[in-house]
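Each reported figure results from applying straightforward, stated rules to the coordinates on display, with no laboratory input. Keep in mind the model is a prediction, meaning the values are calculated, not measured. Please note: Cβ atoms are built from the backbone with ideal geometry, for glycine as well, and neighbour counts cover all protein chains shown.
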Amino acid sequence: ETTVGELLENDLGWAAWKIHMAIINHDDKVVRNWVEEWLHSPFVYKTDLFFDPYTVMMGSSPRFNMYGNEFGMGKALGVRSGYANKFDGKITSYPGQEGGGSIDLEVCLSPDKMMALETDEEFMSSTSVFNPLF
């Protein structure tokens, strides 16, 4: 958990560390407690009620080998998760197509926010673009 102020005060590595710690702390006990609470008071998520316009939500798992599926046409060049559960700020991560610990991100942002991200020099200096044609 963090605030906008903390994100602005720190660099991209600090933000990545916060995400890493959130993932590590989301263990079996946390999930089982959540399920137990849900069984006592079940509900269905409606994303527009749970997230404000400035929310960022990560999804997926490194256990999902998205590029391991082969349907007779060769290895996939890219994967997408479909149109369900999409909103401004939704990010889905996959083990990368290139392997070797790479990560592919599917980022859902409104055009103005995507443009701002693409013009952020610090962010763009820490990314790479995979081009399977070269």
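Assorted remarks:
- Relative to the compact-globule estimate of 2.2 N^0.38 Å, the Cα radius of gyration of the stretch 48-128 comes out at 1.24.
- Mean separation of Cα contacts under 8 Å, 6 or more apart, over the residue count of the chain: relative contact order %: 17 percent
- Förster-model FRET efficiency, 41 Å R0, residue 17 and residue 40, C-beta, rounded to 0.05: 0.75
- Residue 129-residue 29 FRET efficiency (beta carbon distance; Förster radius 41 Å; 0.05 resolution): 0.60
- Filter on 18/75; 29/113; 29/75; 29/90 - keep pairs with C-alpha separation over 27 Å: 18/75; 29/113; 29/75
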